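Visitor: After the structure tokens below, expect a handful of questions from me.
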Amino acid sequence: MIEDLTIRNLSPETQRSYVQHVAKFSRFLDDHPINWDTKRCAPIRPTWWAEGSRGAR
């Protein structure tokens, strides 16, 4: 994942932030990111929107 973020030319601070958010979401789902799919994450998206998240939609 870090390699992808580096290739996209994201700053080290942005990379750290991204990894922290993915780790937090992983703990929330109680599952490893490699197991995530759109069916599992889709029901959570409306909650993010209601809270004003600016993440990818």
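Visitor: What pairs come out if I take residues in segment 1-24 that are within 21 Å of D37 (Cα to Cα) and pair them with residues that are among the polar types (S, T, N, Q) whose C-beta lies under 9 Å away, six or more apart or interchain?
Guide: Going by the 9 Å Cβ cut-off, the qualifying pairs are M1/Q15; I2/Q15; L5/T14; L5/Q15.
Visitor: Would you check which residues across segment 23-41 are modelled with pLDDT of 85 or more and either surrounded by 11 or more Cβ atoms within 10 Å (Cβ to Cβ) or outside any helix (DSSP H, G or I) (or both) and list them?
Guide: A23
Visitor: Another question about this same structure. Within segment 1-22, work out how many residues are assigned to a helix (DSSP H, G or I) and of a type outside the set (V, I, T).
Guide: Matching residues across segment 1-22 total 11.
The values are calculated or read from the model by the stated rules, or taken from the named source; none is laboratory data. None of these values were measured; they are calculated from a predicted model. Neighbour counts run over all protein chains shown; Cβ positions are idealised from the backbone, glycine included.
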